[in-house]
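J.: This is the structure I want to talk about, given as structure tokens.
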Protein chains: 4
Amino acid sequence: MELTSFASIVKDYKTIFFDAYGVLKNHKGLIPGILNTFRFLNDHNIDYYVITNDASRGPRELAQSYQDSGLTQITKDKIISSGMLARDYLKMKVQSGTVAFLGTKESVHYIETLGLKTISIADLNLDDAHEISALVFLDDEGYDWSRDINKAVNLLRTVNIPTIVSNTDRYYPITGHEVAIATGGIANMVEDIVRKHFIRFGKPDAQMFIFAYEHSVQRGGTSDKRDILMVGDTLSTDIIGGNKFGLDTVLVLSGNTLPGQVELKINIEGIIPTYVCESAVIM
Amino acid sequence: MELTSFASIVKDYKTIFFDAYGVLKNHKGLIPGILNTFRFLNDHNIDYYVITNDASRGPRELAQSYQDSGLTQITKDKIISSGMLARDYLKMKVQSGTVAFLGTKESVHYIETLGLKTISIADLNLDDAHEISALVFLDDEGYDWSRDINKAVNLLRTVNIPTIVSNTDRYYPITGHEVAIATGGIANMVEDIVRKHFIRFGKPDAQMFIFAYEHSVQRGGTSDKRDILMVGDTLSTDIIGGNKFGLDTVLVLSGNTLPGQVELKINIEGIIPTYVCESAVIM
Amino acid sequence: MELTSFASIVKDYKTIFFDAYGVLKNHKGLIPGILNTFRFLNDHNIDYYVITNDASRGPRELAQSYQDSGLTQITKDKIISSGMLARDYLKMKVQSGTVAFLGTKESVHYIETLGLKTISIADLNLDDAHEISALVFLDDEGYDWSRDINKAVNLLRTVNIPTIVSNTDRYYPITGHEVAIATGGIANMVEDIVRKHFIRFGKPDAQMFIFAYEHSVQRGGTSDKRDILMVGDTLSTDIIGGNKFGLDTVLVLSGNTLPGQVELKINIEGIIPTYVCESAVIM
Amino acid sequence: MELTSFASIVKDYKTIFFDAYGVLKNHKGLIPGILNTFRFLNDHNIDYYVITNDASRGPRELAQSYQDSGLTQITKDKIISSGMLARDYLKMKVQSGTVAFLGTKESVHYIETLGLKTISIADLNLDDAHEISALVFLDDEGYDWSRDINKAVNLLRTVNIPTIVSNTDRYYPITGHEVAIATGGIANMVEDIVRKHFIRFGKPDAQMFIFAYEHSVQRGGTSDKRDILMVGDTLSTDIIGGNKFGLDTVLVLSGNTLPGQVELKINIEGIIPTYVCESAVIM
């Protein structure tokens, strides 16, 4: 597969959907030169959104971290996270009772803005299980894994409640070579044990792309999918999800997919991006 | 779980999404009394759509079969099928080459209206594999399973092309007690052998519900999901899909889920409908 | 399915293989009356073995816990555990380096009798990853889940070593209604994340039954499988494993399978025991 | 990973287990030079067996095909096939009724030597389903896939009987670049639809290796596993199965695993052969 220059592609589109990790930033911070890309997009009146499997914080806090790094163009409105979908689900489907969660106080804050009562799995007493109306996997931090993941298993054996996984990623990078198990990986283990059907939000699920699409159209963006480009570093989430939604897709080699593997991976997985670029950096 | 009367529920909603098989019809034809339901809906100005995992024919032909049975309210515009999503995908993502398909002439007709060149897997010569730009699973009929499913496997080993499954159902009922393997079941076998990622359309995937929602809103229907009700006979497709999209859901006991099993199934699967009704019939 | 009296069955066999939990004991200790069963077996010259998915301790310590409860017939020689298979694997296949383990000091003691150097995942420094020649999942205790399961993931991303799961159970009962995630459940999560093939020991795998069979034959037991009976409380481990190995099987209703569910479960799972008995107790 | 000469390895062992396809033969017939290997083994008093996932014929017929190709050393006694395990299962566990099978007349012949009544799925009338005591997947030929695989599905929905898969392979090579779906692939589809637990025989399952081991020991072969070597071309069957059974293993590059991929595959799959050799040919 031939490498294409990102600049030559991007100007044929009106809206760009960016994956976050591996595309805009990595474990060291912003990917060097990515600020130029956003200058270029602004100069060419091309709109953009960040579409990210992340429920560890609300969109405001996610945007803040970009701004703190100098990418001031990423405001709250530019963020589409899987946590936003999980919140929407709870808003529509859970009106009463208490929502138990696995995550930090920061992760649940955005859900509490719905007016829902919440309780950390760490604070839950199983004797009060009947008061719980839903269980939400938000983050891999904020609780004691051994004590509290076991508590989540027993909660789901005691009461039959909807269980929401607000980030389907199984792991995430923490340094150049180390990863950490993500909330999606923990949720998979619990589901494998209790054998119930959880409700999952996050790429590659179409709902993420539709949410982003509608969010963009409402803010005046193009409604023609042919004018939208999805940029990601992972075939099995960003690219297959974008393809299925009908978008053109760019695989960048600045994250999960390494330059030497790209052809082999595309062939083995059968997931075919429209373009392959070294990175999303425009010099 | 308590049974509720369908009539008492339905009048609180503005739009009803109906699953087809097990809700409106079964192997003997229309479910007795279902015509009354549609009279009731018309009388009360409640809108409705049929949301069905079916790619064996286009929406016009699917509607015709309802009309031939006497359910004249089901016109082409009232049908949302997984085949329509598959067609939309091909329209956006496959502009050239020939689309190979597993299915009948009737199943591919709706795709050919895009102007795409198509070839039945039965007529495909593997020496011409490089001319094929996509493979689509449409129906379980129209080809010789032994010769042609093997041909599909070898096609996907020869060329790296998107593969579309236009109906995720693994089987469908043909008489009161017999079933037949559906195109989704065949596609699962092929994917298990070639180990590539196929693109699937059909409930419970959110895309089906969003497609129906947008289709309905464009025709003047309500845009408030709280006013839409999903009615189905299968927890793992209709109900979990409707729930995830944020709709209220009704499980009816006229199809896949039998009255004696309903409580057990809901508890084992962890999929919780808003209501359970004997059927969608309003007397 | 008709219930049969255990006493009437058991005297037609020369050797009985018993599952442990749910058959001989439960969360309260020995199942009341089970001592009579072993008196009966001794009186009738029927041999017996306990076949258990357990690697938390060696066979001597497992036997000791039966003896402490008053079941003095269960000596070290009567125990066949999945941990014994894992130890045998290490003996044959790992001759050098250090074996890292997830488990307690008690769980690794039996492996250390091989003369192998071991290190708890809790004490492992990833900078020394290249010294590790195998990773073994022994128990769900003895380490900090959050810190150390993540360490196991990163170990397997750093070095390509055989990974052994010495107990395939996903969870185990701790009280009448609560369970705890077992080492097999944790191993499944790690395998799902690193996507490597682990080597698993435990029922229903045939190797457990063959190991027990050979162990029994060596001690003078019958070599005719028709004279051996497997007794268990779980269709998907004890019964399918015993069936596949060619043994007659008894499902008892004193553990995982409740009296009201037995017919349904046998039909849904398609796993058919030769007999169903209330329990293994002989009054 | 370094390549080792097969000759230098093989003389340190007393018994060699060979995979068939990709090691001894390929689609063109015997692998050139393989006759020399067997001359070498005979000259050095090294014993050998062929361990193959094949139930399309009995061991006598499988051996005959080697002899017809000139490999006269492969007699009936040298063959260990997954079909032999399936036959043993039926011998122990199915004493009455009729065994329905998917396969050719040749494939069922070996089972009929048990004295069991058999019926091809092609000849089965579902009205007689209650006379069927087991279903066996033997071969991918001998029946009409569309009509008869559907019949197998409905048989298993009508009666609750053990279902035996006598070859776990999902596909097999038919020419240098084409494959055909094998009986294991078909069985997977049926199991995915009826959701019952099938009983499977074939590598990598330990039972294959134990069967071969006991067969060999009974004929005077070594009982020390350290003196047995498993030779195969597939990591996920031959090598992981041999490893788990405690044997030293050789991956050869004359079949499924290509020279350019070997290091990558070993790292991705986490299955580590003791040696890698170009082929099993000794010049």
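J.: Take residue B:91 and tell me if it is within 30 Å of residue A:272 (Cα to Cα), without any contact (Cβ under 8 Å) to a residue 40 or more places away in the chain and within 14 Å of chain A (Cβ to nearest Cβ).
T.: yes
Yes or no, residue by residue, for (1) within 19 Å of residue C:216 (Cβ to Cβ); (2) more than 16 Å from the chain's Cα centre (by Cα):
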site	(1), (2)
C:3	no, yes
C:11	yes, yes
C:18	yes, no
C:22	no, no
C:25	no, no
C:32	no, yes
C:35	no, yes
C:43	no, yes
C:55	no, no
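J.: Just one of A:205, A:233 is buried (at least 21 other Cβ atoms within 10 Å of the Cβ), within 19 Å of the chain's Cα centre (by Cα) and within 11 Å of another protein chain (Cβ to nearest Cβ); which is it?
T.: The conditions single out A:205.
J.: Let me ask another. Need the failing condition index for residue A:146 against (1) in a strand (DSSP E or B); (2) in contact with a helix residue (DSSP H, G or I) (Cβ under 8 Å, 6 or more places away or on another chain), just the number.
T.: Only one criterion is unmet by residue A:146, namely (1).
J.: Scan region A:46-60 for residues that are in a helix (DSSP H, G or I) and crowded, with 16+ Cβ neighbours inside 10 Å and jot them down.
T.: The one that is in a helix (DSSP H, G or I) and crowded, with 16+ Cβ neighbours inside 10 Å: A:59.
J.: Looking at (1) farther than 30 Å from residue A:102 by Cβ; (2) of a type in the set (S, T, N, Q); (3) in contact with an Asp or Glu (Cβ under 7 Å, 6 or more places away or on another chain), which is the one condition that is false for residue C:113?
T.: (3)
J.: Condition first: touching a residue at least 60 places away in the same chain (Cβ under 8 Å), among the β-branched types (Val, Ile, Thr) and surrounded by 21 or more Cβ atoms within 10 Å (Cβ to Cβ). Can you find one or more residues in region B:236-249 that meet it?
T.: Checked region B:236-249: at least one residue is touching a residue at least 60 places away in the same chain (Cβ under 8 Å), among the β-branched types (Val, Ile, Thr) and surrounded by 21 or more Cβ atoms within 10 Å (Cβ to Cβ).
Per-residue answers, yes or no, for (1) among the hydrophobic types (A, V, I, L, M, F, W, C); (2) more than 24 Å from residue C:164 (Cβ to Cβ); (3) touching a Ser or Thr at 6+ places or on another chain (Cβ under 9 Å); (4) in the same structural domain as residue C:150 (by TED's automatic domain parsing):
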{"residue": "C:190", "(1), (2), (3), (4)": "yes, no, yes, yes"}
{"residue": "C:196", "(1), (2), (3), (4)": "no, no, yes, yes"}
{"residue": "C:208", "(1), (2), (3), (4)": "yes, no, yes, no"}
{"residue": "C:214", "(1), (2), (3), (4)": "no, no, no, no"}
{"residue": "C:226", "(1), (2), (3), (4)": "no, yes, no, no"}
{"residue": "C:230", "(1), (2), (3), (4)": "yes, yes, yes, no"}
{"residue": "C:237", "(1), (2), (3), (4)": "no, no, yes, no"}
{"residue": "C:242", "(1), (2), (3), (4)": "no, no, yes, no"}
{"residue": "C:248", "(1), (2), (3), (4)": "no, yes, yes, no"}
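J.: Restricting to region D:129-174, and then to whatever is within 12 Å of chain B (Cβ to nearest Cβ) and among the polar types (S, T, N, Q), can you tell me which residue is surrounded by the fewest Cβ atoms within 10 Å (Cβ to Cβ)?
T.: That would be D:158.
J.: What are the residues in region B:252-266 that are crowded, with 18+ Cβ neighbours inside 10 Å and away from chain A (no Cβ under 14 Å), if any?
T.: B:252, B:253, B:254, B:255, B:256, B:257 - these are the residues of region B:252-266 that are crowded, with 18+ Cβ neighbours inside 10 Å and away from chain A (no Cβ under 14 Å).
J.: Can you name every residue in region A:149-170 that is over 26 Å from the mean Cα position of the chain (by Cα) and outside any helix (DSSP H, G or I)?
T.: Listed by number, the residues that qualify are A:159, A:160.
J.: Which one is surrounded by the fewest Cβ atoms within 10 Å (Cβ to Cβ) among residues in region C:267-283 that are in contact with a strand residue (DSSP E or B) (Cβ under 8 Å, 6 or more places away or on another chain) and within 14 Å of chain D (Cβ to nearest Cβ)?
T.: Going through region C:267-283, the residues in contact with a strand residue (DSSP E or B) (Cβ under 8 Å, 6 or more places away or on another chain) turn out to be C:270, C:273-280.
Filter once more, so that each one left must be within 14 Å of chain D (Cβ to nearest Cβ): C:270, C:273-276.
Details: C:270: 20, C:273: 24, C:274: 17, C:275: 20, C:276: 21.
Among those that are in contact with a strand residue (DSSP E or B) (Cβ under 8 Å, 6 or more places away or on another chain) and within 14 Å of chain D (Cβ to nearest Cβ), it is C:274.
J.: Something else about it: Output yes when any residue across region B:218-234 is under 30 Å from residue B:134 (Cα atoms) and charged (D, E, K, R), and no when none is.
T.: no
J.: Shifting gears a bit: Go through region C:46-66 and count every residue that is in contact (Cβ under 8 Å) with a residue 24 or more places away in the chain and polar (S, T, N, Q).
T.: Number satisfying all stated conditions: 3.
J.: Here is a list: A:177, A:215, A:197. Which entry is within 14 Å of chain B (Cβ to nearest Cβ), over 19 Å from the mean Cα position of the chain (by Cα) and either on the phi < 0 side of the Ramachandran plot or touching a residue at least 40 places away in the same chain (Cβ under 8 Å) (or both)?
T.: None of the other options fit; the residue is A:197.
J.: When residues of region B:61-84 are filtered for being of a type outside the set (A, V, I, L, M, F, W, C) and part of a helix (DSSP H, G or I), how many remain?
T.: 11
J.: Let me ask you something else. Go through (1) in contact (Cβ under 8 Å) with a residue 24 or more places away in the chain; (2) outside the structural domain of residue D:180 (by TED's automatic domain parsing); (3) assigned to a helix (DSSP H, G or I); (4) among the hydrophobic types (A, V, I, L, M, F, W, C) one by one and return the number of the condition residue D:111 breaks.
T.: The single condition residue D:111 does not satisfy is (2).
J.: Identify the single condition in (1) buried (at least 17 other Cβ atoms within 10 Å of the Cβ); (2) touching a strand residue (DSSP E or B) at 6+ places or on another chain (Cβ under 9 Å); (3) touching a residue at least 40 places away in the same chain (Cβ under 8 Å) that residue C:27 does not satisfy, given that it satisfies every other one.
T.: That leaves (1) as the condition not met.
J.: Identify, please: which residue in region D:175-202 is part of a strand (DSSP E or B) and of a type outside the set (Gly, Ala, Ser) and is, among those, surrounded by the fewest Cβ atoms within 10 Å (Cβ to Cβ)?
T.: Only one residue fits best here, namely D:179.
J.: So, one more: Tell me, yes or no, whether region D:236-243 has at least one residue that is within 8 Å of another protein chain (Cβ to nearest Cβ), out of contact with any Asp or Glu (no Cβ under 6 Å at 6 or more places or on another chain), within 22 Å of residue B:182 (Cα to Cα) and in a helix (DSSP H, G or I). Steps first, answer last, please.
T.: Let us first name the residues in region D:236-243 that are within 8 Å of another protein chain (Cβ to nearest Cβ), namely D:236, D:240, D:243.
This time we only want the ones that are out of contact with any Asp or Glu (no Cβ under 6 Å at 6 or more places or on another chain), so: D:236, D:240, D:243.
Going one step further and asking which of them are within 22 Å of residue B:182 (Cα to Cα), we end up with none.
Looking through region D:236-243, none of the residues is within 8 Å of another protein chain (Cβ to nearest Cβ), out of contact with any Asp or Glu (no Cβ under 6 Å at 6 or more places or on another chain), within 22 Å of residue B:182 (Cα to Cα) and in a helix (DSSP H, G or I).
J.: Looking at region C:153-174, which of its residues are in contact (Cβ under 8 Å) with a residue 60 or more places away in the chain and either within 21 Å of residue A:177 (Cα to Cα) or touching a His at 6+ places or on another chain (Cβ under 9 Å) (or both)?
T.: Within region C:153-174, C:162, C:173, C:174 qualify.
The values are calculated or read from the model by the stated rules, or taken from the named source; none is laboratory data. Because the structure is predicted, anything quoted here is derived from the model rather than measured. Note: ideal-geometry Cβ built from the backbone for every residue, glycine included; neighbour counts use all protein chains shown.
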